[in-house]
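The values are calculated or read from the model by the stated rules, or taken from the named source; none is laboratory data. The model shown is predicted, which means the values in this text are computed figures rather than measured ones. All Cβ positions, glycine included, derive from the backbone under ideal geometry; neighbour counts span all protein chains shown.
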Amino acid sequence: MQIIAVLVVGLALVVFGIADPLEPVVWITFVAIMVTTVGINWLVATIATEPLKQLTAAMSKIAGEQSPLSPPNPNATRYEKSGLRPLLRWIYEDGPSVTVNDAEAEASNETRNTLLEAFSHSSSSVVIFDAQYQIALATAHAPITINDDNVKKLELDFLGETSLSEWIKDCEENAVTAEKTWSYIGTRPIGDPKRRVYDLTASYNKGSANPVTVLLLEKTGDYAVDDSDLNFIAFAAHELRGPITVIRGYLDTLNDELVDVIDAEQHELFERLIVSANRLSGYVNNILNSARYDRRHFSVFLIETNIADIYDSIADDMRLRATSQHRLLSVDLPRNLPTVAADPSSISEVLSNLIDNAIKYSSESGTIEVSAEQEGNYLEITVRDHGIGMPANVVSNLFHKFYRSHRSRETVAGTGIGLYISKAIVESNGGTMGVQSIENEGSTFRFTLPIYATVADKITATGGDNREFIAHNSSSWIKNHGSIRG
Ligand code: ADP
């Protein structure tokens with residue numbers, strides 16, 4: 001319309017002799033006006049129709065139709081600003097209802113029966129979830145349990161990995177479509193005769209009546225070797241503990257008895273031997289505890305204690321480790337901090353792992369600070385170093401079993417299970433663990449322990465074990481006999 005108006009006005013100016021068509025400046029002005037008019041029109045049309053395009057793409061998505069536009073994610077910040085978020089959410093969550101006629105319903109029933117029949121001959125299975133994330137369909141051999149409230153659940157133990165429910169939660173917030181695969185996911189602890197092991201692939205499709213589909217490939221036979229390896233590792237680590245304890249004991253005794261006989265250089269050698277023996281013992285404990293954890297045989301033995309007392313049991317060892325590596329260890333654990341009902345031996349292993357890492361991943365004469373303070377109903381313990389730090393992609397993998405960054409793999413010896421088991425121990429004591437790190441500046445590891453004046457208080461609050469805590473804090477499940485010692 002505006003273009004036609006520009007043409008008419010131009011023609012009128014020429015006809016009435018106001019503009020001379022032989023003058024180039026007239027044509028230049030005319031072309032400039034035309035280009036500007038077309039540009040403004042195009043811009044206005046694009047901006048004005050953008051929300052409509054997004055809504056159309058969302059509608060196509062839930063209707064299952066192909067669309068050249070990728071479907072919008074209502075949680076993206078741009079939709080908050082544009083005000084489209086509630087409308088997009090409504091389309092995905094409630095949506096315009098789709099009427100299904102009898103013929104379509106019958107066809108869909110037939111498809112369902114064919115699928116169920118086909119999978120009844122296979123040990124692999126498919127599980128489909130409805131929009132409330134309840135199991136809508138599960139084929140014959142799917143690992144399903146029914147809880148006390150008659151709700152069907154997938155019986156899968158993701159241990160330290162991102163669980164299916166965590167992944168779905170993440171998808172809900174950040175994705176419209178997504179897919180993830182997991183390997184070697186078991187239903188029960190290693191050694192349980194009813195254990196099944198699967199590789200799984202889950203797909204997420206926002207807005208669909210069945211947004212999550214999980215395909216489970218039965219791999220129990222294939223992974224039998226890994227299971228027996230883990231059994232062997234648990235056995236070997238258990239057997240190694242005895243001789244290592246004897247070596248550490250004799251080294252300590254000899255060091256005390258020979259203190260007046262040996263010279264300074266020999267004394268230093270002795271201390272190095274003790275540090276190495278203690279480190280070896282730490283590695284074996286980590287291996288043994290993670291094998292127990294993976295087999296769900298891990299237990300914590302709660303007593304009423306405080307963080308300063310827990311640290312006392314490893315203080316000499318830590319001081320020796322730090323000085324032998326030329327690091328400065330600054331420990332500030334006030335004795336008047338509230339009591340925790342925790343397992344001192346496993347928490348001391350966590351502290352020892354974190355301090356050991358702080359020593360390993362920092363440079364000579366670097367300072368390592370260990371401190372604790374009360375944060376609400378929790379005690380927060382911090383181990384800070386000023387060492388090599390980590391980039392964000394390393395931080396996100398840190399608590400996975402056997403994970404070691406490229407940089408540390410090339411430079412420092414280690415197993416990659418210290419942090420995995422430390423997090424598991426902290427969670428089994430009812431706390432959480434996290435890290436903040438800046439590459440080349442250092443790392444700060446923090447863990448919390450809930451404050452309870454007595455073990456009885458903790459057991460009352462957690463119903464006799466830590467499952468309550470663990471359910472909130474991680475995907476993992478740790479058997480806790482909740483025994484009271486001392
Ligand atoms: P390990 O130290 O035996 O490799 P861990 O599970 O204790 O195993 O740590 C896993 C990885 O996390 C390490 O290999 C290292 O890459 C990184 N890491 C742990 N602690 C620190 C730290 N304080 N500073 C920098 N990187 C760290």
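Just a few scattered comments:
- Output for region 125-143, where each listed residue is closer than 22 Å to TRP167 by Cα, touching a Phe, Trp or Tyr at 6+ places or on another chain (Cβ under 8 Å) and touching a residue at least 40 places away in the same chain (Cβ under 8 Å): SER125, VAL126, ALA136, PRO143
- Taking each residue of region 345-362 that is outside any loop (DSSP other than H, G, I, E, B) and looking for partners that are of a type in the set (Phe, Trp, Tyr) and within 11 Å of the ligand (Cβ to nearest atom) with beta-carbon atoms closer than 8 Å, six or more apart or interchain, yields LEU354/PHE445; ASN357/PHE445; ALA358/PHE445.
- Candidates in region 331-360 are the residues that are away from the ligand (no atom under 16 Å from the Cβ) and acidic (Asp, Glu); of these, the one that is nearest to ILE417 (Cα to Cα) is ASP343.
- Matching option when the condition is in contact with a Lys or Arg (Cβ under 7 Å, 6 or more places away or on another chain) and part of a strand (DSSP E or B), among ALA136, ALA202: ALA202
- Residue count for region 119-132 under the criterion of being surrounded by 14 or more Cβ atoms within 10 Å (Cβ to Cβ) and part of a loop (DSSP other than H, G, I, E, B): the result is 4.
- LEU116 being at pLDDT 75 or above, out of contact with any helix residue (DSSP H, G or I) (no Cβ under 6 Å at 6 or more places or on another chain) and part of a helix (DSSP H, G or I): yes
- Residues that are more than 34 Å from the chain's Cα centre (by Cα) and of a type outside the set (D, E, K, R) do occur in region 273-290, at least one of them.
- Residue ID - nearest to the chain's Cα centre (by Cα), chosen from residues in region 141-154 that are exposed (fewer than 15 other Cβ atoms within 10 Å of the Cβ) and not hydrophobic (A, V, I, L, M, F, W, C): LYS153
- Comparison of LEU329, LEU302, LEU337 shows that the only residue that is surrounded by 16 or more Cβ atoms within 10 Å (Cβ to Cβ), part of a loop (DSSP other than H, G, I, E, B) and in contact with a strand residue (DSSP E or B) (Cβ under 8 Å, 6 or more places away or on another chain) is LEU337.
- Region 205-237, residues that are over 26 Å from the mean Cα position of the chain (by Cα) and among the aliphatic types (A, V, I, L, M): ALA209, ALA224, VAL225, ALA236, ALA237
- Test: residue in region 438-456 that is under 16 Å from ASN285 (Cβ atoms), more than 11 Å from the ligand (Cβ to nearest atom) and either of a type in the set (Val, Ile, Thr) or surrounded by 15 or more Cβ atoms within 10 Å (Cβ to Cβ) (or both): no
- Of all residues in region 242-258, those satisfying the criterion of being surrounded by fewer than 15 Cβ atoms within 10 Å (Cβ to Cβ) and either under 30 Å from GLN134 (Cα atoms) or of a type in the set (D, E, K, R) (or both) are ASP256, GLU257.
- Within region 411-433, if we keep just the residues that are more than 9 Å from the ligand (Cβ to nearest atom) and either exposed (fewer than 14 other Cβ atoms within 10 Å of the Cβ) or of a type in the set (Asp, Glu) (or both), the residue that is farthest from ASN353 (Cα to Cα) turns out to be THR411.
- Selection within region 387-410 - without any contact (Cβ under 8 Å) to a residue 60 or more places away in the chain, more than 8 Å from the ligand (Cβ to nearest atom) and surrounded by 14 or more Cβ atoms within 10 Å (Cβ to Cβ): VAL395
- Just one of the listed residues (THR367, THR382, THR305) is under 21 Å from THR432 (Cβ atoms) and without any contact (Cβ under 8 Å) to a residue 60 or more places away in the chain, and it is THR305.
- Members of region 148-173 that are among the aromatic types (Phe, Trp, Tyr) and free of Cβ contacts under 8 Å to residues at least 12 places away in the same chain: none
- Filtering region 209-230 to residues that are surrounded by fewer than 19 Cβ atoms within 10 Å (Cβ to Cβ) and either touching a Cys at 6+ places or on another chain (Cβ under 8 Å) or not in a helix (DSSP H, G or I) (or both) leaves ALA209, ASN210, THR213, LEU215, LEU217, GLU218, THR220, GLY221, ASP222.
- Qualifying residue in region 87-98 (condition: modelled with pLDDT of 75 or more and part of a loop (DSSP other than H, G, I, E, B)): no
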